[in-house]
Amino acid sequence: MARTASPTVRAARTATWRHVLVSPGYLAGPGPSLAVFNTLDNAPGWTKTVAFDPATVGAHTYAYSYDATGNRTTTRTDGTLSRTTHWDVNNPLPQVSDETNGSGALIADYRYDPLGEPQLLHTGAGNFYDHHDLSGSVTDLTSAAGVDQYTYAYDAYGTTKTTALTTSAPANPFAYTGQYQDPAGTALGYQLRARTYDPSTGRFTSTDGGIVGGVVGGIVGWRRPAGTTSPTST
């Protein structure tokens, strides 16, 4: 069901809100059953932010925020900021450029080959290199000295078996088809920019992200500029 609210227009920068109910049974991963979308996707002067309902894995709860095009920007673990993800958008698809922890210290920065596949992780321990099969999936991570850190194997849908070969191997978020796997655990799937993929079911955990800037199943909000009036919704 969908309904459109009548906004109270008091300034040039107002917006019309549309409420869309998304079937809760369809969403296998993070995301609420009620999604709020704005019909003015790129209204000048407005800043759009996106938030999803938390996901719980084991004893921990993870909450995320996203930018206007669906790229994950922050992760909060049990309510505390644990990871900030920065994106390089100067590519056919946005690529993760670097990540920092809750204190702002570098976790890693990343480099890619001409095909857009992850090639290098730079951490405080040095440089590490991804190796790929023909599908782009990471098969090994090696140190700058050529020492194998991890090997990876996959089933047909991307469920990953990771084998650590050293005790000091750095965290590597890239795996199946070279995509970004949630560092908090495989149960949280792959964050494919506009939506999340669960390899255990072979399905995306939200509907196609074509309604508003590639974001579905989330709450989209607009931060109004100073001196303007935000829309009202009934």
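The values are calculated or read from the model by the stated rules, or taken from the named source; none is laboratory data. Just so you know, these numbers come straight off a predicted model, no measurement behind them. Every residue, glycine as well, gets a Cβ built from its backbone with ideal geometry; the counts of neighbours run over all protein chains shown.
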### Task
List the strands (runs of 3 or more DSSP E) that sit entirely inside segment 65-137 and contain at least 1 residues that are among the aliphatic types (A, V, I, L, M) and within 17 Å of the chain's Cα centre (by Cα).
80-88, 95-101, 106-112
### Query
Does any residue of segment 98-108 turn out to be among the polar types (S, T, N, Q), under 19 Å from residue 169 (Cβ atoms) and in contact with a Phe, Trp or Tyr (Cβ under 8 Å, 6 or more places away or on another chain)?
no
## Note on the structure
When (1) more than 30 Å from residue 120 (Cβ to Cβ); (2) part of a strand (DSSP E or B); (3) modelled with pLDDT under 85; (4) not aromatic (Phe, Trp, Tyr) are applied to residue 61, the one that fails is (3)
### Task
Would you please name the residue that is surrounded by the most Cβ atoms within 10 Å (Cβ to Cβ), looking only at residues in segment 63-80 that are farther than 20 Å from residue 106 by Cα and out of contact with any Lys or Arg (no Cβ under 6 Å at 6 or more places or on another chain)?
67
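Yes or no, residue by residue, for (1) surrounded by 16 or more Cβ atoms within 10 Å (Cβ to Cβ); (2) at pLDDT 90 or above:
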site	(1), (2)
143	yes, yes
151	no, yes
161	no, yes
164	no, yes
175	yes, yes
178	yes, yes
191	yes, no
